[in-house]
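Novice: Provided herewith is a single structure, encoded as structure tokens, for subsequent inquiry.
The values are calculated or read from the model by the stated rules, or taken from the named source; none is laboratory data. Keep in mind the model is a prediction, meaning the values are calculated, not measured. Counting neighbours? That spans all protein chains shown, and the Cβs are built from the backbone with ideal geometry, glycine included. Side chains are part of the model used for accessible areas, which takes the heavy atoms of the whole protein and leaves out ligands, DNA and RNA. Shrake-Rupley method; radii C 1.70, N 1.55, O 1.52, S 1.80 Å.
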Amino acid sequence: KPCPLCDEAKEVLEPYKRRFILQEVDITLPENSAWYDKYKYDIPVFHLNGEFLMKHQVDIQKFEDQLMKLELQNY
């Protein structure tokens, strides 16, 4: 904190907030040291449904495509 890159990503994802649950992970907390070791130079990092999706910034087309796939699987 602060994390301007994270704030920017959350703004981009705002229109989709009814279609997924955003879970933020503070990688600086001791219990998240594995995430810190893995991603300390790559924030923000995005996982969707437990799978790595993208890092550094939101690729909105990739996000939309993967979100749509998940939604179709759940029907």
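Novice: Ignoring ligands, DNA and RNA, what percent of the accessible area of the chain is carbon or sulfur (1.4 Å)?
Specialist: 52 percent
Novice: Per residue, how many Å² of accessible area does the chain show with a 1.4 Å probe?
Specialist: 83 Å²
Novice: Could you compute the net charge surrounding F63? Neighbours are other residues with a C-beta less than 15 Å from the C-beta of F63; K and R count +1, D and E count -1.
Specialist: So the environment of F63 carries a net charge of -1.
Novice: Enumerate the amide H contacts of L53 below 5 Å, restricted to partners 5 or more residues apart or on another chain; note that Pro and chain-start residues carry no placed amide H.
Specialist: The answer is F46, H47, L48.
Novice: Could you tell me how many degrees, from 0 to 90 and to the nearest 10, lie between the Cα long axis of helix 4-13 and the main elongation axis, the longest principal axis, of the Cα atoms of the chain?
Specialist: 10 degrees
Novice: What chymotrypsin sites (Phe, Trp or Tyr not before Pro) does region 1-35 have in DSSP loop regions with at most 15 other beta carbons within 10 Å?
Specialist: Loop-located and lightly packed - F20.
Novice: What do you get for trypsin sites (Lys or Arg not before Pro) in the chain restricted to DSSP loop and a cutoff of at most 16 other Cβ within 10 Å of the site's Cβ?
Specialist: Passing sites in the chain are K17, R18, R19, K40.
Novice: What FRET efficiency, computed as 1/(1 + (r/R0)^6) with R0 = 25 Å and r the Cβ-Cβ distance, is obtained for I21 and Y41, rounded to the nearest 0.05?
Specialist: Efficiency, rounded to the nearest 0.05: 0.40.
Novice: In nm, to one decimal, how far is the modelled label at N49 from the one at S33, with both set 7 Å along Cα→Cβ?
Specialist: 3.3 nm
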